[in-house]
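Provided herewith is a single structure, encoded as structure tokens, for subsequent inquiry.
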Amino acid sequence: MLAYKKQGTGPAIVFVHGFLSGGHSFDFIIEDLAATHTVYVVDLPGIGESQIEKSDYQVEDYAKEVAEVLEQEGVEEAVWVGHSMGGYVALAAVEEKIAPVSQLVLLFSSDLADGEEAREKREKQKGEIREKGVDVFVDSMIENFFPEGSSEESIDYMRKVAKYATPEGMVYQLTAMQQRPERTTVITEGSIPVAIIEGTNDSIMKPIETDGPNVQKVRIPTGHMGMVEKPALVIDAIRMVLTKDD
């Protein structure tokens, strides 16, 4: 089972981290949210405290692992907040009916599949991780996840979080992202409320284009790691989208 942290009381929210990240990426926002919700934060396999238990992972497998945590805790239904790749995991949970999801929050994420160029880039990155190791790869990449002018403190924090990973865990994540399908219909046609939180300074993710009837969008002036860069804005955004349906 995945390693996870539980904090607070109230309706359940589970946070799923992205690539070059881990459960600790949410440290600056969960204390506030735990004042009104039971917050679960997981580490995906091979990341942080979680062990690898399979020889291959798809985003659906990650969703099943998260669902096992919620089942263990007796959670019947939860809001899933997925950051970046974690959003792909949350979308899979909804479309494949892997777990009861009361609301989907996509935090600096996407509903699209990788294009050929992105798949080739991830293949190259897998080779770099295998050849040079996690630390060198993280050092070469992490600043790209922050906009110009971001504090060194924020960047260094995420550098440490990202390095708390195994090469296998990171390679599995890259493969899962390469092979994920497009899940636009979850947003445009689904009955579950969807909230999209985007950063106006996010150079990693393109805005999600949708006019789905159950979708609300919030744009805030942050980059891709807004929950570390400007946590107060992310807290406000999450509370805004949760309040509408609470």
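If Lys and Arg each add +1 and Asp and Glu each add -1, what is the summed charge of the other residues whose beta carbon sits under 12 Å from the beta carbon of Arg180?
Summing Lys and Arg as +1 and Asp and Glu as -1 gives -4.
Then there is this: What percent does the relative contact order of segment 105-209 come to when contacts are Cα pairs within less than 8 Å and at least six residues apart?
Computed over segment 105-209, the figure is 56 percent.
In straight Cα distance, which lysines are under 17 Å from Lys163, not counting same-chain residues fewer than 8 positions off?
Lys126, Lys132
Shifting gears a bit: Defining a contact as two alpha carbons under 8 Å apart and six or more residues distant in sequence, what relative contact order in percent does segment 159-246 show?
23 percent
Moving on to the next point. Mind listing the long-range amide H neighbours of Ser203? Cut-off is under 5 Å, sequence gap 5 or more, other chains count too, H placed in the peptide plane at 1.01 Å from N.
His224
Using the Cα gyration tensor of segment 98-246, with a ≥ b ≥ c the square roots of its eigenvalues, what is the shape: rounded (a/c below 1.5), prolate (a/b larger than b/c) or oblate (neither)?
oblate
List the trypsin sites (Lys or Arg not before Pro) within segment 77-175 that DSSP assigns to loop and that have no more than 16 neighbouring Cβ atoms inside 10 Å.
Lys97
Report relative contact order for segment 1-84 in percent, whole number only (criteria: Cα-Cα under 8 Å, sequence separation at least 6).
43 percent
Enter the Cα centre distance for the pair segment 38-72 and segment 90-156, rounded to the nearest angstrom.
Taking the Cα centre of each part, segment 38-72 and segment 90-156 sit 16 Å apart.
Restricting to bridges with both residues inside the chain, how much of the DSSP beta-bridge set is antiparallel, in percent to the nearest 5?
If we restrict to bridges inside the chain, about 15 percent are antiparallel.
Taking the chain as a Gaussian network, where each spring joins two C-alpha atoms under 10 Å apart, which residue of Glu198, Glu148, Glu182 fluctuates the most?
Its mean-square fluctuation being the largest, the pick is Glu148.
Where both residues lie in segment 1-137, what percent of DSSP beta bridges are antiparallel, nearest 5?
Percentage antiparallel, nearest 5: 20.
For segment 13-28, what does the Karplus curve 6.51 cos²θ - 1.76 cosθ + 1.60, with θ = phi - 60°, yield as ³J(HN,Hα) per residue in whole Hz, taken in order and with x for Gly and Pro?
10, 10, 9, 10, 7, x, 6, 6, 7, x, x, 5, 5, 9, 4, 7
I've got another one for you. Filter the trypsin sites (Lys or Arg not before Pro) in segment 1-81 to those in DSSP coil with at most 12 other Cβ atoms within 10 Å of their Cβ, and list the result.
Sparse-neighbourhood loop trypsin sites (Lys or Arg not before Pro): Lys54.
Here, each number is a calculation from the coordinates, and none is a lab measurement. Remember, it's a predicted structure, so these values are computed and weren't measured experimentally. Note: ideal-geometry Cβ built from the backbone for every residue, glycine included; neighbour counts use all protein chains shown.
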